[in-house]
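Just so it is clear, none of the values below were taken in a lab; they were calculated from the coordinates. Please read these numbers as outputs of a predicted model, since none were measured by experiment. Neighbour counts are summed over all protein chains in view; Cβ atoms, including those assigned to glycine, are modelled from backbone coordinates with ideal geometry.
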């Protein structure tokens, strides 16, 4: 991909990130139900993170071994966050 | 680094109440100081690490042959950071789901502030990646402008954040909303320290760029900085909805 095309790609990703942020801020008026609202909100945040990792951190163009390495970190972090919910259920 | 963090938080947790009425808390300061000192030593050692080893003739298959050692080191560091912030966000979820008196979205933390900081940080990510693109294209003025923009936007983020902190502190937020406030200040404070560290790196890169570095194919340092800066952005992408919108 040429430099010019790459720069356009960065701008498109930026526009997508801003657009998603705008949707996040106005989402409560679109989805009134709280649990659905939280789910969609965190889903949008997740897609923003993926966009940044794939295109700004160039993870899309890195070898699969590196992507796997990063995913392992994310899985451990998710497990740690999940533990708090497990503790919640045990506690109650 | 993880051990230093463990010692630091251990010092916070094994303290004892200093005063029963009004309730105040006395952390165990020696352990906290040990954690800080260990953390500084670890970071210093990390900065001097070249990630170069002399391999024997007979070694196991190495899956990262195509990845430069320094880049793998940065990603490993970011992996540790993911776990670190994961713990903070996990504790937020735990406190949040246990606290029946958590204030509704927009009442304690101003959504406009969060929105402004998100826009500023996302834009700083764009300028950071444009700095790398400029360096690859050999465009020195573009590189300097992009790095300068990243620095200014980072400062703007911290300026808005500081305003919010002082405003909340002035409103005695700890007395009325102790758990939300504690969770907010620890998490956003840790993130703010990361932003500040990124700004220090930007100053170093900017000084080198002005001297003419990075535009002759030697832009790997910029790439590594970008990995860190975008990671800080990703963390905020989650903190914004968690504290301001939910």
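Values for this structure:
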quantity: Cα gyration tensor category, rounded, prolate or oblate, for the stretch B:63-156 with a/c compared to 1.5; calculated: oblate
quantity: For residues of B:234-244, the mean tally of beta carbons on other chains within 10 Å; calculated: 5
quantity: 5 Å-binned pair-distance histogram of the stretch B:181-232 (Cα, whole percent); calculated: 5, 18, 23, 18, 13, 9, 7, 4, 2, 1
quantity: Centroid-to-centroid separation of the stretch B:169-199 and the stretch B:115-139 [C-alpha atoms, Å]; calculated: 26
quantity: log10 of Debye I(q)/I(0), alpha-carbon scatterers only, for chain B at 0.10, 0.11, 0.13, 0.15 Å⁻¹; calculated: -0.60, -0.72, -0.95, -1.18
quantity: Projected label distance in nm at residue B:52 and residue A:68, using a 7 Å step from Cα toward the beta-carbon; calculated: 2.8
quantity: Shielding by other protein chains, B:102-115, mean Cβ within 10 Å; calculated: 1
quantity: Packing-based ranking, highest mean first, of B:147-156, B:179-188 given that Cβ atoms within 10 Å are counted; calculated: B:147-156, B:179-188
quantity: Shielding by partners, peptide B:81-91 (average Cβ within 10 angstrom, other chains); calculated: 5
quantity: Convex hull volume per residue for the protein assembly as shown, taking Cα atoms only, in Å³; calculated: 171
